[in-house]
Amino acid sequence: MATDRRAEVVWHGSLMEGSGTIVSTTSGKIGEQPVSWPNRAEDSPSATSPEELIAAAHASCFSMALSAGLARAGNPPDELRTSATVTFQPGEGITRIALTVEGTVPGLDDAGFQDAAQAAKQNCPVSKALASVPEITLEARLT
């Protein structure tokens with residue numbers, strides 16, 4: 001069964017001087033969040049950005065895909081800690097995504113973890129949606 005997720009944003013003004021607000025999402029769990037160009041193009045923690053939301057989506061999706069793959073292979077993880085860093089270059093767009101995962105997976109060696117992590121990187125739906133990003137790296141480590 002297909003699922004639809006929706007987010008609504010209200011924007012006021014021009015790109016450089018304006019600002020917006022994520023006003024609603026399907027689940028309601030994100031809540032209202034301010035967005036603006038300075039928060040997207042500069043290191044400013046006062047609001048979120050599309051890239052921060054993409055990073056959260058990618059880390060979540062990758063973790064789910066890795067967990068599923070490990071479980072299918074008979075090694076469900078005790079814990080996966082995933083981060084995604086999305087690099088945005090004004091005028092170019094998203095130029096890089098760096099995925100990092102640390103996993104506690106009983107009974108699995110490093111080679112098996114590396115293979116599972118690479119498969120998750122290639123096959124999670126968000127990775128597929130972001131396939132046009134010039135560089136997506138992965139660092140995977142068992143703990």
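The values are calculated or read from the model by the stated rules, or taken from the named source; none is laboratory data. None of these values were measured; they are calculated from a predicted model. Quick reminder, even Gly has a Cβ in these numbers, built from the backbone with ideal geometry, and neighbours come from all protein chains shown.
The table that follows gives values for the structure above.
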{"read-out": "Enumeration of residues in the stretch 44-56 that are under 19 Å from the mean Cα position of the chain (by Cα) and surrounded by fewer than 10 Cβ atoms within 10 Å (Cβ to Cβ)", "value": "Pro45"}
{"read-out": "All positions within the stretch 40-59 that are without any contact (Cβ under 8 Å) to a residue 40 or more places away in the chain and out of contact with any Pro (no Cβ under 6 Å at 6 or more places or on another chain)", "value": "Glu42, Asp43, Pro45, Ser46, Thr48, Ser49, Pro50, Glu52, Leu53, Ala56"}
{"read-out": "Residue list for the stretch 108-143, restricted to those being outside any helix (DSSP H, G or I), closer than 27 Å to Leu53 by Cβ, aliphatic (A, V, I, L, M) and in contact with a strand residue (DSSP E or B) (Cβ under 8 Å, 6 or more places away or on another chain)", "value": "Leu130, Val133, Ile136, Leu138, Ala140"}
{"read-out": "Residues of the stretch 1-43 that turn out to be aliphatic (A, V, I, L, M), more than 19 Å from Phe88 (Cα to Cα) and either surrounded by 11 or more Cβ atoms within 10 Å (Cβ to Cβ) or in contact with a helix residue (DSSP H, G or I) (Cβ under 7 Å, 6 or more places away or on another chain) (or both), as a count", "value": "6"}
{"read-out": "Residues within the stretch 91-107 that are within 20 Å of Leu53 (Cα to Cα) and either touching an Asp or Glu at 6+ places or on another chain (Cβ under 9 Å) or aromatic (Phe, Trp, Tyr) (or both), tallied", "value": "8"}
{"read-out": "Selection count, the stretch 70-93, where residues are surrounded by 19 or more Cβ atoms within 10 Å (Cβ to Cβ) and either in a helix (DSSP H, G or I) or in contact with a Phe, Trp or Tyr (Cβ under 8 Å, 6 or more places away or on another chain) (or both)", "value": "3"}
{"read-out": "Subset of the stretch 7-52 [of a type outside the set (S, T, N, Q), over 25 Å from Leu99 (Cα atoms) and assigned to a loop (DSSP other than H, G, I, E, B)]", "value": "Gly13, Leu15, Met16, Glu17, Gly18, Gly28, Gly31, Glu32"}
{"read-out": "Some residue of the stretch 92-102 being closer than 22 Å to Asn123 by Cβ and among the charged types (D, E, K, R)", "value": "yes"}
{"read-out": "Top-ranked residue in the stretch 1-43 [being closer than 18 Å to Thr87 by Cα and within 19 Å of the chain's Cα centre (by Cα); ranked as modelled with the lowest pLDDT]", "value": "Asp43"}
